[in-house]
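As structure tokens, the structure follows; a few thoughts come after it.
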Ligand code: GUN
């Protein structure tokens, strides 16, 4: 049976670190603040935003919520971001994705000042991710790296297979694993002989968004399995991209859903908000 990583406990540790840093900033007269923007009525987005704002409360970070209707124009959203960008007392700006189809996601992400981009999605921060020295790293990938570190899994020399090539998870986590000296293979919906690829993985990161997509026959004995999925199964129960019950019998370490990667995403957002606030305070000195 595999070791089940307690993402909630590790996230709590990260949030405690962030809370201490938030307190230190407050001692200097700076109230770390994030502005969270929700456009439309995506139910999952509403839950994610609620969790993020709750974590802010626990960590001592001020959070401001801005809501625009589903019908909002790109111009309206850009105007709001422009106002938030100009506010000295707002250190982080997060626009929850996905956005309604009339809005160009990349144009919106480019409009967030890179130093306030707590999601790490601005092209400048993505560039920093590739070349090194990236203070604002995308939250889910950063959370995955921290989970591995806390579990004592060293990626150096390991074969890491990433399932999924999204800008939010697949691509950035691949770069971070490469930075940690893993040999990285990125697989996606057009990959041929997928199972023969995943069976080579010492570390398998599943971020495809399909319930229980990774079955036991796709996993090498003793592998480390990280499940980024957040899906509903046939009984409407939360489940990941991995068939947890079967795969845990074969692998050595696995993250559960819920309680694995999810809480880490939120915890790393707290860290990024503190980092952003510190950078802005330093810049002004
Ligand atoms: N939608 C799904 N994941 C994320 C995330 O990490 N940040 C934002 N802004 N939107 C998301």
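Taken across region 121-141, residues that are away from the ligand (no atom under 16 Å from the Cβ), in contact with a strand residue (DSSP E or B) (Cβ under 7 Å, 6 or more places away or on another chain) and either assigned to a loop (DSSP other than H, G, I, E, B) or at pLDDT 95 or above (or both) do not occur at all.
Going through region 181-195 one residue at a time, which ones are part of a loop (DSSP other than H, G, I, E, B) and surrounded by fewer than 17 Cβ atoms within 10 Å (Cβ to Cβ)?
Passing the criteria: 181, 188, 189, 190, 191, 192, 193.
Against the conditions (1) without any contact (Cβ under 8 Å) to a residue 40 or more places away in the chain; (2) within 24 Å of residue 112 (Cβ to Cβ); (3) surrounded by fewer than 16 Cβ atoms within 10 Å (Cβ to Cβ); (4) over 23 Å from the mean Cα position of the chain (by Cα), residue 65 satisfies every one except (4).
Scanning region 88-98 for residues that are within 14 Å of the ligand (Cβ to nearest atom) and either over 17 Å from the mean Cα position of the chain (by Cα) or part of a strand (DSSP E or B) (or both) yields a count of 4. What about residue 202, is it surrounded by 17 or more Cβ atoms within 10 Å (Cβ to Cβ) and under 18 Å from residue 44 (Cβ atoms)? Spelling it out, it is not the case that residue 202 is surrounded by 17 or more Cβ atoms within 10 Å (Cβ to Cβ) and under 18 Å from residue 44 (Cβ atoms). One residue is enough: does region 70-83 have a residue meeting the conditions within 15 Å of the ligand (Cβ to nearest atom) and either surrounded by fewer than 19 Cβ atoms within 10 Å (Cβ to Cβ) or assigned to a strand (DSSP E or B) (or both)? No: region 70-83 contains no residue that is within 15 Å of the ligand (Cβ to nearest atom) and either surrounded by fewer than 19 Cβ atoms within 10 Å (Cβ to Cβ) or assigned to a strand (DSSP E or B) (or both).
Scoring residue 29 on the criteria (1) over 24 Å from residue 170 (Cβ atoms); (2) free of Cβ contacts under 8 Å to residues at least 40 places away in the same chain; (3) crowded, with 17+ Cβ neighbours inside 10 Å leaves a single failure, condition (3).
The numbered conditions (1) touching a helix residue (DSSP H, G or I) at 6+ places or on another chain (Cβ under 9 Å); (2) free of Cβ contacts under 8 Å to residues at least 12 places away in the same chain; (3) within 27 Å of residue 283 (Cβ to Cβ); (4) surrounded by fewer than 17 Cβ atoms within 10 Å (Cβ to Cβ) are all true for residue 133 except (1). Within region 249-285, the set of residues being assigned to a loop (DSSP other than H, G, I, E, B) and buried (at least 16 other Cβ atoms within 10 Å of the Cβ) comprises 250, 251, 252, 255, 256, 257, 259, 260. Scanning region 230-248 for residues that are surrounded by fewer than 16 Cβ atoms within 10 Å (Cβ to Cβ) and farther than 21 Å from residue 139 by Cβ yields 232, 233, 234, 235, 236, 237, 245, 246.
The values are calculated or read from the model by the stated rules, or taken from the named source; none is laboratory data. None of the values given here were measured: they were computed from a predicted structure. Because the Cβ atoms are built from the backbone with ideal geometry, glycine has one as well, and the counts that use them run over all protein chains shown.
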